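Everything on this sheet refers to the single structure shown next.
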Amino acid sequence: MRNHLRSLAAVTGCLALAASLSGCGSSSASDRKTVTVYSADGLKGENNDGWYDKVFADFEKKTGIKVKYVEGGSGEMVQRAQRERTNTQADVLVTLPPFIQQADSKGLLATYAPAGSDRVDGADKARDSTWTSVVNNYFGFIYNKKELKTAPKSWEDLLDSSYKEKVQYSTPGVAGDGTAVLIKAMHDFGGEEPAMAYLKKLQANNVGPSASTGKLAPKVDKGELLAANGDVQMNYAQSKDMPNLGIWFPAKGDGRPTTFALPYAAGLVAKAPHPENGKKLLDFMLSEEAQKNVSAIGGGFSPRTDVEATDANAEALAQLMKGVDVFEPDWSEIGTGLDSYVDAWKTATGS
């Protein structure tokens, strides 16, 4: 009861002083017209020309609600939301798997099914409506097309001495694409132990960890690196301004190249300071208007089954995916075992 009265008093005081105090949080008029997004990198353009840039600008014009954007690795964004759960700052969280599932399991997401989510396949959204994919994507690697006349073909190619200090991948457990390196390696090599044995060997050529996958592409384009990890959407979009960037999918030995879906999944944050604004943004991100630009501007794939992309980017992306086997990870199992996988990676690589 005392806590209830203190809360009531605080709210009453804040309302009474709203005209003179700007520090009353979300009660100020200007603050009510904002929505804060915590997101993995990849959807915002280097020159304000990405899918986020278009969506946020159109959303603000349509609603008058200003988007405050905070970017980092998928794991980093979840960790930040976890630290702030007693003083929530974000309204919308966008991360790659398995971090969106991790956020859900930690109780960081509220239940909300955005308008249009009924047109999204079950594999691309949570059963309890805590998150929905807004941009579909696939894990991949990049290489420097100028220095390497042909793309590498296999994981084993990266062990060659010519790649000494010319390979880098983002940090598993911190970056979504970095964690994807572990997932794909465990799939391709047939389990945790052989995958870690390979990654231990790769350390001889690996520059070291990177908290952000997006920062690796400029290094590859300049030739500082010959190969790095990434994802199709982000790297395809970056290649418009980075002409030396090529996308490839490692195979195991002489096998077929493989990949898996790695969507940008969005959810409403539990106890969000501006939940109604967060809902409006999620609705807009999944709207036909925004989804038609996923490939044309973002270089990604729409999760909506009723949005058919026919633009030049969509055709190029379809061609890129030809001949690549797509497997489906067990995200539930990965979410449960993630910490142990990351610990095994640290032990194997000395990171």
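Quick grid of which residues meet (1) free of Cβ contacts under 8 Å to residues at least 24 places away in the same chain; (2) in contact with a His (Cβ under 8 Å, 6 or more places away or on another chain); (3) surrounded by fewer than 19 Cβ atoms within 10 Å (Cβ to Cβ); (4) over 24 Å from residue 330 (Cα atoms):
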{"residue": "226", "(1), (2), (3), (4)": "no, no, no, yes"}
{"residue": "241", "(1), (2), (3), (4)": "no, no, yes, yes"}
{"residue": "263", "(1), (2), (3), (4)": "no, no, no, no"}
{"residue": "267", "(1), (2), (3), (4)": "no, no, no, no"}
{"residue": "300", "(1), (2), (3), (4)": "no, no, no, no"}
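For segment 52-86, the set of residues classified as in a helix (DSSP H, G or I), among the hydroxyl-bearing types (Ser, Thr, Tyr) and over 26 Å from residue 230 (Cβ atoms) consists of 63 only. Taking the criterion of being under 19 Å from the mean Cα position of the chain (by Cα) and in contact (Cβ under 8 Å) with a residue 60 or more places away in the chain, the residues of segment 275-295 that qualify are 278, 281, 282, 283, 284, 285, 286, 290, 291, 293, 294.
For (1) in contact with a helix residue (DSSP H, G or I) (Cβ under 6 Å, 6 or more places away or on another chain); (2) of a type in the set (A, V, I, L, M); (3) on the phi > 0 side of the Ramachandran plot; (4) outside the structural domain of residue 268 (by TED's automatic domain parsing), each residue gets a yes or a no:
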site	(1), (2), (3), (4)
45	yes, no, no, no
49	no, no, no, no
68	no, no, no, no
74	yes, no, no, no
91	yes, no, no, no
100	no, yes, no, no
115	yes, yes, no, no
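Residues of segment 153-187 that are over 23 Å from the mean Cα position of the chain (by Cα) and of a type in the set (Gly, Ala, Ser): 154, 161, 162.
Got at least one residue in segment 103-116 being out of contact with any Gly (no Cβ under 9 Å at 6 or more places or on another chain), under 20 Å from residue 174 (Cβ atoms) and at pLDDT below 95? Yes, that holds for at least one residue.
Scanning segment 90-121 for residues that are within 18 Å of residue 43 (Cα to Cα) and assigned to a helix (DSSP H, G or I) gives 99, 100. Looking across segment 282-318, the residues that are closer than 13 Å to residue 116 by Cβ and either aliphatic (A, V, I, L, M) or assigned to a loop (DSSP other than H, G, I, E, B) (or both) come down to 282, 285, 286, 287, 290, 292, 294, 302, 303, 305, 306, 307. Within segment 302-325, the set of residues being surrounded by 12 or more Cβ atoms within 10 Å (Cβ to Cβ) and within 28 Å of residue 194 (Cα to Cα) comprises 321, 324, 325. Within segment 196-213, residues that are assigned by TED's automatic domain parsing to the domain that holds residue 230 reach partners that are in a loop (DSSP other than H, G, I, E, B) and among the β-branched types (Val, Ile, Thr) with beta carbons closer than 7 Å, at six or more positions or on different chains, in the pairs 209/171; 210/171; 211/171; 211/174. Segment 184-262 holds strands (runs of 3 or more DSSP E) entirely within its bounds, and those carrying 3 or more residues that are closer than 21 Å to residue 163 by Cβ and not acidic (Asp, Glu) map to 227-231, 245-248.
The values are calculated or read from the model by the stated rules, or taken from the named source; none is laboratory data. The structure presented is a predicted model; accordingly, all values stated were derived computationally and were not measured. All Cβ positions, even for glycine, are placed from backbone atoms using ideal geometry, and neighbour counts span all protein chains on display.
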